[in-house]
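The values are calculated or read from the model by the stated rules, or taken from the named source; none is laboratory data. Since the structure is predicted, the reported quantities are computational estimates derived from the model, not experimental observations. Note: ideal-geometry Cβ built from the backbone for every residue, glycine included; neighbour counts use all protein chains shown. To get the accessible areas, we keep the full protein, side chains included, count just its heavy atoms, and leave off ligands, DNA and RNA. Shrake-Rupley method; radii C 1.70, N 1.55, O 1.52, S 1.80 Å.
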Amino acid sequence: MISLDRWTDNAKLILQSMLQSAQLAGHSELAPVHLLQALIAEGGMTRAILQKEGADTDRLVGELSVALGRLPRVDGATHQPGTSSALATIFSA
């Protein structure tokens with residue numbers, strides 16, 4: 001799991017949103033799609049930049065929902081999603 005020690009308060013909120021989303025959906029891992037979803041849902045700079053560059057953020061949110069729906073799920077007891085290798089690469093950059 002990702003250590004929150006090195007992150008700003010705003011980044012910690014994004015990370016917590018990602019984790020909550022993955023847990024509620026029963027996802028086995030946190031993936032880059034969770035990060036993008038959390039950044040757009042936060043409604044701050046990411047959404048504004050995407051819109052300024054001409055992105056249809058409402059469509060993107062819909063496509064993210066579809067992508068999230070395709071991720072593997074864990075049934076049963078509560079779980080702590082792991083970090084996918086793709087997300088770990090993003091965070092180590």
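The share of accessible area on the chain that comes from carbon and sulfur is 55 percent, using a 1.4 angstrom probe.
Computed about its Cα centre, the charge dipole of the chain is approximately 40 debye, with only Lys, Arg, Asp and Glu carrying charge at their Cβ. Per residue, the chain exposes 65 Å² of solvent-accessible protein surface, assessed with a 1.4 angstrom probe and all protein chains in place.
GNM remark for the chain: springs join alpha carbons under 10 Å apart, and the peak mean-square fluctuation among Pro72, Pro81, Pro32 falls on Pro72.
Excluding Glu42 itself, calculate the net charge of residues whose Cβ lies under 14 Å from the Cβ of Glu42, where each Lys or Arg counts +1 and each Asp or Glu counts -1. Spelling it out: positives minus negatives among the neighbours equals +1.
Given a cut-off of under 8 Å on Cα pairs at least six residues apart, what relative contact order in percent is computed for the chain?
On the way: 79 pairs, mean separation 37.4, N = 93.
Once normalised by length, the contact order is 40 percent.
Mean residue ellipticity, 222 nm, helices only, the chain: the sum of -39500 (n - 2.57) across DSSP H runs of n ≥ 4, divided by residue count and rounded to 500, is -18500 deg cm²/dmol. Each other residue within a Cβ distance under 14 Å of Ser17 adds +1 if Lys or Arg and -1 if Asp or Glu, for a net charge of 0.
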